[in-house]
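The values are calculated or read from the model by the stated rules, or taken from the named source; none is laboratory data. Bear in mind that the values here come from a model prediction, so they are computed numbers and not experimental data. Please note: Cβ atoms are built from the backbone with ideal geometry, for glycine as well, and neighbour counts cover all protein chains shown.
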């Protein structure tokens, strides 16, 4: 459309001197200002609205066995859900954030599952004094008791779901704002969930596509984050065993062996999410995972002398 907005000075408007400008310029407040990059760079805008809303609901349970017969155990389970419109910078606070706000003046577009949401979490811990040694179920004396008696075994297990994955952007050009794709089906359905292809990109299309032409002014229908498409959750088991050797009345030596992530189960990192245009028209990869976020199996040996 004709460029009706002349700058007060050339430096205040990158559109200065152009005969025509995109219609999007007319939709901005004070379009005679700005650097011409459209979106946050055209008109007079505030760089992000410094507020947001979050709601957290959860069911929390605990089962505990107090120490008796050398055994104590504790299990906790949380079923929770965090919804937010504060999931992306500049609205973000901590955690993993991807993508961007489609329209910070209408945060209803952003209201979705939080990028920090962990739906299910279970932690279980057990400590057991083995019934082996002097005066115990398996009675030992002398050297046998000194070597095999008095050991304590500990185990800590942690299970959880992963965090939600962000929806892809449309990738249209020109791009006037952080336009996401439209979502047409459940991208978790039929997904291979491998490190080479974590979820289904066929459930996303470019917004406003009619007769083969996309509309760069329409907000995508895909939520900011996908509740049903998540990273791989934690599967961790730590074990330890220790024994204290008495060396007289005031001295003792404790020896322990610990194993972390003893099953050596990898926790996959965040998949690579390219735009729909990049995937479908440029052949870029989608849903590829190239890293892990936990530590491989480790052993630790320790000794402590008390005097």
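Within the stretch 257-278, the set of residues being modelled with pLDDT of 95 or more, in contact with a strand residue (DSSP E or B) (Cβ under 7 Å, 6 or more places away or on another chain) and either more than 22 Å from residue 294 (Cα to Cα) or surrounded by fewer than 15 Cβ atoms within 10 Å (Cβ to Cβ) (or both) comprises 257, 263. Entry remark, the stretch 279-294: residues being at pLDDT 90 or above and surrounded by fewer than 17 Cβ atoms within 10 Å (Cβ to Cβ) number 6 in total. Which one is modelled with the lowest pLDDT, of the residues in the stretch 99-117 that are crowded, with 19+ Cβ neighbours inside 10 Å, under 17 Å from the mean Cα position of the chain (by Cα) and in a loop (DSSP other than H, G, I, E, B)? Applying the filter and picking the extreme gives 99. Would it be correct to say that residue 201 is over 27 Å from residue 115 (Cα atoms) and crowded, with 17+ Cβ neighbours inside 10 Å? Judged against the criteria, residue 201 is not a match. Of the strands (runs of 3 or more DSSP E) lying entirely inside the stretch 123-241, not one carries at least 1 residues that are without any contact (Cβ under 8 Å) to a residue 40 or more places away in the chain.
Among the residues of the stretch 78-85, is there at least one that is under 24 Å from residue 161 (Cβ atoms), at pLDDT 80 or above and in a loop (DSSP other than H, G, I, E, B)?
Yes, the conditions are met somewhere in the stretch 78-85.
Take the residues in the stretch 137-152 that are surrounded by 15 or more Cβ atoms within 10 Å (Cβ to Cβ) and touching a strand residue (DSSP E or B) at 6+ places or on another chain (Cβ under 6 Å), then tell me which one is farthest from residue 273 (Cα to Cα).
Within the stretch 137-152, the match that is farthest from residue 273 (Cα to Cα) is 149.
Considering each residue of the stretch 21-38 in turn, none proves to be at pLDDT 70 or above, exposed (fewer than 14 other Cβ atoms within 10 Å of the Cβ), touching a helix residue (DSSP H, G or I) at 6+ places or on another chain (Cβ under 8 Å) and farther than 23 Å from residue 215 by Cα.
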